[in-house]
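Some notes on the structure that comes next.
Read-outs throughout are calculated quantities, based only on the coordinates presented, and are distinct from any laboratory measurement. What you see is a predicted model, and the numbers here were worked out from it, not measured in a lab. Reconstructed Cβ throughout: ideal geometry from the backbone, glycine too, with neighbour counts over all protein chains shown.
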Amino acid sequence: MKILIVEDEVALADALSEILKRNKYAVDAVYDGEDGLDYALTGIYDCILLDIMLPKRSGLDVLREIRKQHISTPVLLLTARSDTEDKITGLDSGADDYLTKPFVSGELLARVRSLTRRRGEVVTDAFTFGDVALNKSTFSLSREENCVKLSLKEYQIMEMLIANPRQLIPKERFLEKIWGYDSDAEYNNVEVYISFLRKKLTALGSSVTIRTARGIGYFLESGKS
Ligand code: CA
């Protein structure tokens, strides 16, 4: 899951980013409406946290523009207590929900979970494919009684593979979603984590394999399917 934060109060943006990362989300943060719009238009995010009062372009302006361009990413507006009118305008302009500042992290996480669930994805604690289950709360991959712990990157890669079973996912898609546009990570980083995951699948005795489409990317296959 990848979240975009558009918030000009840098301290707040950092705090939000910290909370989300601790809860296994991949996060990009930008600090004005123009960057917010550019990033949002990529369509790669599962949820956008959007402040209303922003430099360069207001949050409401960004929201209208992304909806106009048919980006359906769920948007959670971050509003000040006094912005009642903006909240209504925001919801009318295509926001999915709003959160009034200041808020506690539990509330933020609950809203984000609810918005990402509304997209029609099945959100449970365990994702399964073939004979393996990926568990979000324990951050592990298991087969029957065998279980291995995953690192953050391994988990995020496996989550993308299982969410799109048998579909070819290009290496650059992993880089965009997991490392982010600004990162210096290269294809080689993806390859390294894929090889770690393959070792773990083998250690579990799983019939699930990560297949390589040479030069392009990876897809998940189950020997029994
Ligand atoms: Ca602001």
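Here are the numbers:
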{"read-out": "Residues satisfying the stated conditions in segment 50-80, i.e. in contact with a Lys or Arg (Cβ under 9 Å, 6 or more places away or on another chain) and within 15 Å of the ligand (Cβ to nearest atom)", "value": "Asp51, Ile52, Leu76, Leu77, Leu78, Thr79, Ala80"}
{"read-out": "Counted residues, segment 6-48 - those being within 12 Å of the ligand (Cβ to nearest atom) and among the hydrophobic types (A, V, I, L, M, F, W, C)", "value": "5"}
{"read-out": "Pairs where the first residue, in segment 190-216, is of a type in the set (S, T, N, Q) and the second is part of a strand (DSSP E or B), C-beta under 7 Å, 6+ apart", "value": "Ser206/Val132; Ser206/Arg143; Ser207/Ser222; Thr209/Glu221; Thr212/Tyr218"}
{"read-out": "Qualifying residue in segment 171-182 (condition: of a type in the set (Asp, Glu), assigned to a helix (DSSP H, G or I) and in contact (Cβ under 8 Å) with a residue 60 or more places away in the chain)", "value": "yes"}
